[in-house]
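The values are calculated or read from the model by the stated rules, or taken from the named source; none is laboratory data. Owing to the predicted nature of the structure, the values given are computational and were not obtained by experimental measurement. Cβ: placed from backbone, ideal geometry, glycine included. Neighbour counts: every protein chain shown.
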Amino acid sequence: MQNQNQSLVVCVTGASSGIGRELSKQLIQSGYIVVGIARRKNLLEELASELNNKKFHFYEADVSNLEEIKKVKDALLLKKLIPGAIVCGASISQNDTEPNFKNDVVRKIMEINFFGTANMVDVFLPEFLKTGHGHFICLSSIASWRPSIQGATYPASKATVGMFFRGLNLRYKPLGVDFSTIYLGPVETEMWEGKPSFVVATPNVIAKKIIQLILNPKPISYIPFLSTTLSRLSTLIPDWLYAKLSSYLFK
Ligand SMILES: NC(=O)c1ccc[n+]([C@@H]2O[C@H](COP(=O)([O-])OP(=O)(O)OC[C@H]3O[C@@H](n4cnc5c(N)ncnc54)[C@H](OP(=O)(O)O)[C@@H]3O)[C@@H](O)[C@H]2O)c1
């Protein structure tokens, strides 16, 4: 007899590094079919050879390019591989205010972190609605409710994508398509620029939690509990004080 997950195809954007890479590995180990998407083909190839498993499929594509994502969907349809769940992890974080305000960086971050996620929804939602089931998960951040001195747009993009998914969940859950928003605390990856600390989680722990959520959709999750709870409580203090306190976590 097959497990439920053995026939489930999970698409992971941002599979070439950090949380997406670890998630892809754990999904394969648990028997899922995984479709990994990212721009750095060499890293996807490395992951494929490390996994050495026919259930791992990968595509070099930029989520901010709608045509490239449509091509990925067409290729998946040909292989009869339509995802049951899509984890939207592709994101960048760059400083947009040092030494001067950089509008091109503002646009680039929103193009990838927000419009890139919207592109995934645009391309795959019609397939989910046809079958009456499907699950989109976005990796938002505690940065959604606190600004950062390291860059103004990244927090804005994460707040936007979270609110976007929460709205989509209200609209499409009754039609069988779930939209889950995960607010993540700091995680030790390329993106995290801080020091190791007890409040910084490993990609391993985060990937396990995401897998639990894939089969049991929840509109909103806060992972891990400690850092996200401290951060939510901190909304009672002013931005400048939070920025000062959190600066102790940065290198
Ligand atoms: N690490 C943290 O502390 C933290 C905290 C809260 C939330 N998050 C969220 O968790 C998610 C994963 O982050 P991470 O920490 O694992 O960072 P990461 O290691 O930098 O991974 C980001 C991934 O996104 C991919 N990506 C970036 N731009 C892309 C594009 N245009 N098209 C396709 N893929 C693209 C990157 O691959 P390529 O460069 O190969 O395209 C990479 O695989 C992000 O959404 C992030 O905002 C992270």
Listing of helices (runs of 4 or more DSSP H) fully contained in segment 160-251 that carry 2 or more residues being among the charged types (D, E, K, R):
203-215, 239-247
Scan segment 77-111 for residues that are more than 16 Å from the ligand (Cβ to nearest atom) and within 12 Å of GLY151 (Cβ to Cβ) and jot them down.
THR97, GLU98, PHE101, LYS102
Does LEU47 satisfy being at pLDDT below 95 and on the phi < 0 side of the Ramachandran plot?
no
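So which of THR153, THR160 is surrounded by fewer than 21 Cβ atoms within 10 Å (Cβ to Cβ), within 23 Å of LYS102 (Cβ to Cβ) and away from the ligand (no atom under 11 Å from the Cβ)?
Values: THR153 fails: surrounded by fewer than 21 Cβ atoms within 10 Å (Cβ to Cβ).
Only one candidate passes the filter, namely THR160.
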Taking segment 163-204 and keeping residues within 8 Å of the ligand (Cβ to nearest atom), more than 20 Å from THR229 (Cα to Cα) and of a type outside the set (Ser, Thr, Tyr) leaves GLU190, MET191
Is it the case that VAL34 is away from the ligand (no atom under 11 Å from the Cβ), without any contact (Cβ under 8 Å) to a residue 40 or more places away in the chain and within 18 Å of the chain's Cα centre (by Cα)?
yes
Name the single residue that is surrounded by the most Cβ atoms within 10 Å (Cβ to Cβ) among those in segment 135-144 being of a type outside the set (Gly, Ala, Ser) and within 12 Å of the ligand (Cβ to nearest atom).
LEU139
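Of all residues being of a type in the set (A, V, I, L, M, F, W, C) and crowded, with 24+ Cβ neighbours inside 10 Å in segment 8-24, which is farthest from the ligand (Cβ to nearest atom)? Just the residue, please. Break it down stepwise before answering.
Here is the first cut: in segment 8-24, the ones of a type in the set (A, V, I, L, M, F, W, C) are 8-12, 15, 19, 23.
With crowded, with 24+ Cβ neighbours inside 10 Å added as a condition, the list becomes 10-12, 15, 19, 23.
Values: VAL10: 15, CYS11: 12, VAL12: 9, ALA15: 6, ILE19: 4, LEU23: 9 Å.
Taking the candidates together, the pick is VAL10.
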Can you tell me which of (1) away from the ligand (no atom under 13 Å from the Cβ); (2) at pLDDT below 90; (3) among the small types (Gly, Ala, Ser); (4) surrounded by 16 or more Cβ atoms within 10 Å (Cβ to Cβ) is the one SER247 doesn't meet?
(4)
Residues of segment 139-169 being free of Cβ contacts under 8 Å to residues at least 24 places away in the same chain and either in contact with a Leu (Cβ under 6 Å, 6 or more places away or on another chain) or more than 30 Å from TYR248 (Cα to Cα) (or both), which ones?
GLY167
Pairs only if they're at least six apart or on different chains, beta carbon under 8 angstrom, first in segment 12-26 and in contact (Cβ under 8 Å) with a residue 12 or more places away in the chain and in a helix (DSSP H, G or I), second crowded, with 22+ Cβ neighbours inside 10 Å and among the hydroxyl-bearing types (Ser, Thr, Tyr); list them, first residue then second.
GLY20/THR13
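Hey, among the residues in segment 37-47 that are near the ligand (Cβ under 7 Å from one of its atoms) and in contact (Cβ under 8 Å) with a residue 24 or more places away in the chain, which one's surrounded by the fewest Cβ atoms within 10 Å (Cβ to Cβ)? Before you say what the answer is, go through the steps one by one.
Of segment 37-47, the ones near the ligand (Cβ under 7 Å from one of its atoms) are 37-40, 43.
Filter once more, so that each one left must be in contact (Cβ under 8 Å) with a residue 24 or more places away in the chain: 37-38, 40, 43.
Values: ILE37: 28, ALA38: 25, ARG40: 12, LEU43: 17.
Among them, the one singled out is ARG40.
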I need a count of the residues in segment 48-76 that are surrounded by 19 or more Cβ atoms within 10 Å (Cβ to Cβ) and near the ligand (Cβ under 10 Å from one of its atoms).
5
Take SER17 and decide whether it is within 15 Å of the chain's Cα centre (by Cα) and closer than 19 Å to GLU190 by Cα.
yes
Candidates THR189, THR181, filtered to the one that is polar (S, T, N, Q) and in contact with a strand residue (DSSP E or B) (Cβ under 8 Å, 6 or more places away or on another chain)
THR181
Which of the residues belonging to segment 95-134 are crowded, with 17+ Cβ neighbours inside 10 Å, in contact with a strand residue (DSSP E or B) (Cβ under 9 Å, 6 or more places away or on another chain) and of a type in the set (D, E, K, R)?
ASP96
